[in-house]
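Have a look at the structure below, then the notes.
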């Protein structure tokens, strides 16, 4: 927690001008729901009202990258799947869109596809490692999620990954943006198709980047040891 807070505070205060903290996550199973809309009786005002009846037209998945230093959504992908290759390709596209010599820190949760063999091999190639990475499930850097995570977190890499602790995805700034998307577009939206849903999400991202994007007002610095002990003991 302390590391993540330090990184967020560092980039929003422009302490490290050549370091970019990129918050990435997925919002899966976004439903294209068409809601039935009728007019209330004149005795009740005659206004439009949304009924509980609706039609499901399918789902889409959004992968998004938020540049923490300015709040911009710098990359996003909408599609039916979210697997190891989808995520790795998305991370690569995001990295390639940023200055080539700058350090990039990817902030993500510990989902298995965020700790994949594909990502490890890509980072090893970029860092010009000339070692045997091992075999997934058997040996070496590729052996387990823990060993792959340790490799991806190495501080000297130009593209470094930092992972939120379990049950602490709220530390990832992209989650705040997902909450706004849910509230402004999805929750009460009315979509006749997946294509219409994706069109409105794309439009919202463009609107956000032009009108709403701004650095976080981050005040949380992480729990100190005495606070943790206090909460643990229930005193």
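Since every read-out is calculated from the coordinates, none of them should be taken as a lab result. This structure is a prediction, so every number in the text was calculated from the model and none was measured. Cβ sites come from the backbone with ideal geometry, for glycine too, and all protein chains shown count toward neighbours.
Okay, helix-only estimate at 222 nm for the chain: each DSSP H run of n ≥ 4 adds -39500 (n - 2.57), divide by all residues, round to 500 deg cm²/dmol; what do you get? Don't skip to the end; give the middle numbers.
On the way: 7 runs with 73 residues, N = 235.
Computed mean residue ellipticity for the chain: -9000 deg cm²/dmol.
Specify whether the C-alpha gyration tensor of the range 94-192 places it in the rounded, prolate or oblate class, a ≥ b ≥ c being the square roots of the eigenvalues: rounded for a/c under 1.5, otherwise prolate if a/b is larger than b/c and oblate if not.
prolate
If I model a spin label at residue 1 and residue 13 as a point 7 Å from the Cα along the Cα→Cβ vector, what separation in nanometres do I get?
2.0
For Cα pairs less than 8 Å apart in space and 6+ apart in sequence, what is the mean separation divided by the residue count of the range 84-235, i.e. the relative contact order in percent?
Relative contact order here is 20 percent.
Within 10 Å, count the other beta carbons around each residue, average over each peptide in 61-73, 163-175, and list them highest first. Present the calculation step by step, with values, prior to reporting the outcome.
Working: 61-73: 21.1, 163-175: 15.9.
Output ranking for 61-73, 163-175: 61-73, 163-175.
Which shape class, rounded, prolate or oblate, goes with the range 52-104 when its Cα gyration tensor gives a ≥ b ≥ c as root eigenvalues, a/c under 1.5 marks rounded, and past that a/b bigger than b/c marks prolate? Intermediate values should be presented prior to the final figure.
Details: a/c = 4.63, a/b = 2.01, b/c = 2.30.
Judged from the Cα gyration tensor, the range 52-104 comes out oblate (a/c at least 1.5, b/c at or above a/b).
Nearest 10 degrees, 0 to 90: what angle lies between the long axis of helix 84-96 and the longest principal axis of the chain (Cα atoms)?
The angle comes out at about 80 degrees.
How tilted is helix 2-12 with respect to the longest principal axis of the chain? Cα atoms for both, answer in degrees (0 to 90, nearest 10).
The helix 2-12 is inclined about 70 degrees to the chain.
Rounded if a/c is under 1.5, else prolate if a/b is larger than b/c, else oblate: which is the range 90-140, with a ≥ b ≥ c the root eigenvalues of its Cα gyration tensor?
Since a/c reaches 1.5 but b/c is at least a/b, the shape of the range 90-140 is classed as oblate.
Just to be sure I understand: of the beta bridges DSSP finds with both ends in the chain, what percent are antiparallel, rounded to 5?
70
Gap in Å between the Cα centre of the range 50-121 and the Cα centre of the range 149-208?
7
Helix 194-207 sits at what angle to the longest principal axis of the chain, using alpha carbons and giving 0 to 90 degrees rounded to 10?
Helix 194-207 and the main axis of the chain meet at about 70 degrees.
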